[in-house]
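Peer 1: Handing you a structure now.
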Amino acid sequence: MTRITADVRFLRGYNQALVMAVGRTARRFERSTVVEATGLTPQAVSKVIARLSAEGLIRPTDVRRPGVGKPAVVYELVPDSRYAIGAHVARRTLRLVLVDLAGTVRHSTVSPLPGDFTPPQLLDALRSGIDAMAGNADLRGRLTGVGIGMIGPLDHAHGLVRGAHGLRHWHDVPLREIAEEHLGLPIHLDKDVTAGITAEAWRHGATFGDAALIMIESGIGGGFWLGGAAHRGAHTNAGEFGHTVVDLDGPRCVCGRHGCLEIVHQHAADAGDMARAARVVAVGVVNLLQTLDLAHVVLAGADLLRHPDTYLAAVTEAVSADARRANWLSTRVTLSSLGADAIAAGAAMQILDQHYGIPELAPT
């Protein structure tokens, strides 16, 4: 492929992604709406709209007749034209969701995983769950692929689970490759917390800003949205928020360090002292804000959602009371709007974004 061809394909895909983003947020839009929102020329927008209409991704829904000039066609996204399945692999459970092109969760299931499960056991559980969720041929024909949000550490770029904390059988497992072979579908593999922050960014749109998702579920992790994109780090291993040290003389963590936020939090939670457990997380969040200066912190995870008010109050109070943060350094703290589906939904949105989002430039 020549660079010129790559540039043309990138531009076409980029323009399409901009129009799709307008369709997801505005739901009903005209050509002029897209021109104003994206800065594309009317001619470029017309070409993209024609292409998306031909593929069944958008459709005309109305005609607006202004007082002067030609009538304007009103379009809308066709949510059920494409679907993706998202999987959230936790240490104890597998959660699957079916998400449409608009990012709406249409169906959600959760099933137990065997203790210390192996890769074949996970693949079998994935296949059974996906077959049950997308069993009919009509829906499977509109299925874009499967996104998997997995426990880290992992290598997103190469689709490898490097050594999932607390799982003995997951050292350098090429999960993306073997899942594609086993399931016969395109697979997108990412850290669970990165998938979760992607879901929040999709739902909030362009106003989201720099943000973090703090997940408490059989461990603690952090997903980051910086500069309008998911931040994975130099080795695609960003997000080990729970393995930052908060007590130099603290208990030994599963990662091998002493006094990690995750193990200090776990000891408090196991003792039933949820107020202290929440304060431990709050200390970590304040440290994170001092490092990254975030506009939004989202709290998520099944274990957190058992005591949502306790965690929300502790983190909000710690952020607002921190004397080192001036009044103009405001940070919004919220619970995830997707509840327990946040990670799985984000994984599904990632596979949709891979096909209908901003493309990567092909190598020269």
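Peer 1: What about Leu304, is it open to solvent by less than 50 Å² (accessible area, probe 1.4 Å), at negative phi and touching a Ser or Thr at 6+ places or on another chain (Cβ under 8 Å)? Reasoning before the result, please.
Peer 2: On the way: open to solvent by less than 50 Å² (accessible area, probe 1.4 Å): yes; at negative phi: yes; touching a Ser or Thr at 6+ places or on another chain (Cβ under 8 Å): no.
The answer is no for Leu304.
Peer 1: Still on this structure: For Pro114, work out the one condition from (1) farther than 25 Å from Gly166 by Cβ; (2) at pLDDT below 95 it doesn't fulfil.
Peer 2: (1)
Peer 1: Does Ser32 satisfy the criteria of being of a type in the set (Ser, Thr, Tyr), open to solvent by 60 Å² or more (accessible area, probe 1.4 Å) and not in a strand (DSSP E or B)? Please lay out each step first, then the result.
Peer 2: Working: of a type in the set (Ser, Thr, Tyr): yes; open to solvent by 60 Å² or more (accessible area, probe 1.4 Å): yes; not in a strand (DSSP E or B): yes.
So Ser32 passes the test.
Peer 1: List the number of the failed condition for Tyr14; all other conditions in (1) at pLDDT 90 or above; (2) open to solvent by 50 Å² or more (accessible area, probe 1.4 Å); (3) part of a helix (DSSP H, G or I); (4) under 28 Å from Leu143 (Cα atoms) hold.
Peer 2: For Tyr14, the failing item is (1).
Peer 1: So is Val285 closer than 23 Å to Thr334 by Cβ, assigned to a strand (DSSP E or B) and within 26 Å of the chain's Cα centre (by Cα) or not? Steps first, answer last, please.
Peer 2: On the way: closer than 23 Å to Thr334 by Cβ: yes; assigned to a strand (DSSP E or B): no; within 26 Å of the chain's Cα centre (by Cα): yes.
Spelling it out, it is not the case that Val285 is closer than 23 Å to Thr334 by Cβ, assigned to a strand (DSSP E or B) and within 26 Å of the chain's Cα centre (by Cα).
Peer 1: Ok, one more. Among (1) among the basic types (Lys, Arg); (2) in contact with an Asp or Glu (Cβ under 7 Å, 6 or more places away or on another chain); (3) surrounded by 16 or more Cβ atoms within 10 Å (Cβ to Cβ), where does Arg279 come up short?
Peer 2: Exception for Arg279: condition (2).
Peer 1: Would you be able to say whether some residue in the stretch 54-61 is among the small types (Gly, Ala, Ser) and either touching a helix residue (DSSP H, G or I) at 6+ places or on another chain (Cβ under 7 Å) or surrounded by 15 or more Cβ atoms within 10 Å (Cβ to Cβ) (or both)?
Peer 2: Filtering the stretch 54-61 for residues among the small types (Gly, Ala, Ser) gives 54, 56.
Restricting the remaining residues to those that are either touching a helix residue (DSSP H, G or I) at 6+ places or on another chain (Cβ under 7 Å) or surrounded by 15 or more Cβ atoms within 10 Å (Cβ to Cβ) (or both) gives 56.
Taking every residue of the stretch 54-61 in turn, at least one turns out to be among the small types (Gly, Ala, Ser) and either touching a helix residue (DSSP H, G or I) at 6+ places or on another chain (Cβ under 7 Å) or surrounded by 15 or more Cβ atoms within 10 Å (Cβ to Cβ) (or both).
Peer 1: Then there is this: Looking at (1) surrounded by fewer than 19 Cβ atoms within 10 Å (Cβ to Cβ); (2) small (Gly, Ala, Ser); (3) at pLDDT 95 or above, can you tell me which one Ala87 breaks?
Peer 2: Condition (1) is where Ala87 drops out.
Peer 1: From the list Asp80, Asp62, which residue is modelled with pLDDT under 95, over 28 Å from the mean Cα position of the chain (by Cα) and not basic (Lys, Arg)? I'd like the intermediate steps shown before the answer.
Peer 2: Working: Asp80 fails: over 28 Å from the mean Cα position of the chain (by Cα).
Exactly one of Asp80, Asp62 is modelled with pLDDT under 95, over 28 Å from the mean Cα position of the chain (by Cα) and not basic (Lys, Arg), namely Asp62.
Peer 1: Now, a different point. Is it true that Gly103 is under 15 Å from the mean Cα position of the chain (by Cα), buried (at least 16 other Cβ atoms within 10 Å of the Cβ) and under 28 Å from Ala50 (Cα atoms)? Don't jump to the end; show me each part of the working.
Peer 2: Values: under 15 Å from the mean Cα position of the chain (by Cα): yes; buried (at least 16 other Cβ atoms within 10 Å of the Cβ): yes; under 28 Å from Ala50 (Cα atoms): yes.
Answer is yes for this residue.
Peer 1: On the basis of being among the aliphatic types (A, V, I, L, M) and part of a strand (DSSP E or B), does Leu248 make the cut?
Peer 2: Values: among the aliphatic types (A, V, I, L, M): yes; part of a strand (DSSP E or B): no.
No: the conditions fail for Leu248.
Peer 1: Residue by residue through the stretch 111-162, note down the ones that are in contact with a Gly (Cβ under 8 Å, 6 or more places away or on another chain) and assigned to a loop (DSSP other than H, G, I, E, B).
Peer 2: Ile151, Gly152, Pro153, Arg162
Peer 1: I've got another one for you. Could you tell me whether Ile263 is assigned to a helix (DSSP H, G or I) and in contact with a Pro (Cβ under 6 Å, 6 or more places away or on another chain)? Give the steps one after another, and end with the answer.
Peer 2: On the way: assigned to a helix (DSSP H, G or I): yes; in contact with a Pro (Cβ under 6 Å, 6 or more places away or on another chain): yes.
Judged against the criteria, Ile263 is a match.
Peer 1: Output yes when any residue across the stretch 235-254 is open to solvent by 40 Å² or more (accessible area, probe 1.4 Å) and either small (Gly, Ala, Ser) or on the phi > 0 side of the Ramachandran plot (or both), and no when none is.
Peer 2: no
Peer 1: Residue by residue through the stretch 38-59, note down the ones that are in a helix (DSSP H, G or I) and under 24 Å from the mean Cα position of the chain (by Cα).
Peer 2: Filtering the stretch 38-59 down to residues in a helix (DSSP H, G or I) leaves 38, 42-54.
Listed by number, the list holds a single entry, Thr38.
Peer 1: Which numbered condition in (1) within 26 Å of Gly129 (Cβ to Cβ); (2) among the hydroxyl-bearing types (Ser, Thr, Tyr); (3) assigned to a helix (DSSP H, G or I) is the only one that Ser108 fails?
Peer 2: Unmet for Ser108, out of (1) within 26 Å of Gly129 (Cβ to Cβ); (2) among the hydroxyl-bearing types (Ser, Thr, Tyr); (3) assigned to a helix (DSSP H, G or I): (3).
Peer 1: Any idea which residue in the stretch 172-193 is surrounded by the fewest Cβ atoms within 10 Å (Cβ to Cβ), counting only those that are without any contact (Cβ under 8 Å) to a residue 60 or more places away in the chain and assigned to a helix (DSSP H, G or I)?
Peer 2: Top of the filtered list is Glu181.
Peer 1: List every residue pair whose Cβ atoms sit under 8 Å apart, with the two residues 6 or more apart in sequence or on different chains, where the first one lies in the stretch 196-210 and is closer than 16 Å to Leu18 by Cα and among the hydrophobic types (A, V, I, L, M, F, W, C) and the second, anywhere, is assigned to a helix (DSSP H, G or I) and open to solvent by less than 20 Å² (accessible area, probe 1.4 Å).
Peer 2: Close Cβ pairs satisfying both conditions: Trp202/Gly346; Trp202/Met349.
Peer 1: Taking Thr198 and the conditions (1) more than 30 Å from Ala314 (Cβ to Cβ); (2) in a helix (DSSP H, G or I); (3) hydroxyl-bearing (Ser, Thr, Tyr), which numbered condition does it fall short on, given that it satisfies the others?
Peer 2: Unmet condition: (1).
Peer 1: Condition test on Gly196, is it small (Gly, Ala, Ser) and over 30 Å from Arg252 (Cα atoms)? So that I can check it myself, show each step before the final result.
Peer 2: Working: small (Gly, Ala, Ser): yes; over 30 Å from Arg252 (Cα atoms): no.
Criteria not met by Gly196.
The values are calculated or read from the model by the stated rules, or taken from the named source; none is laboratory data. Here the structure is a predicted model, which is why all the values come from computation and not from measurement. Note that each Cβ is placed from the backbone with ideal geometry, even for glycine, and that neighbours are counted across all protein chains shown. Each accessible area value is taken on the protein alone, full model and side chains, heavy atoms only, with ligands, DNA and RNA left out. Shrake-Rupley method; radii C 1.70, N 1.55, O 1.52, S 1.80 Å.
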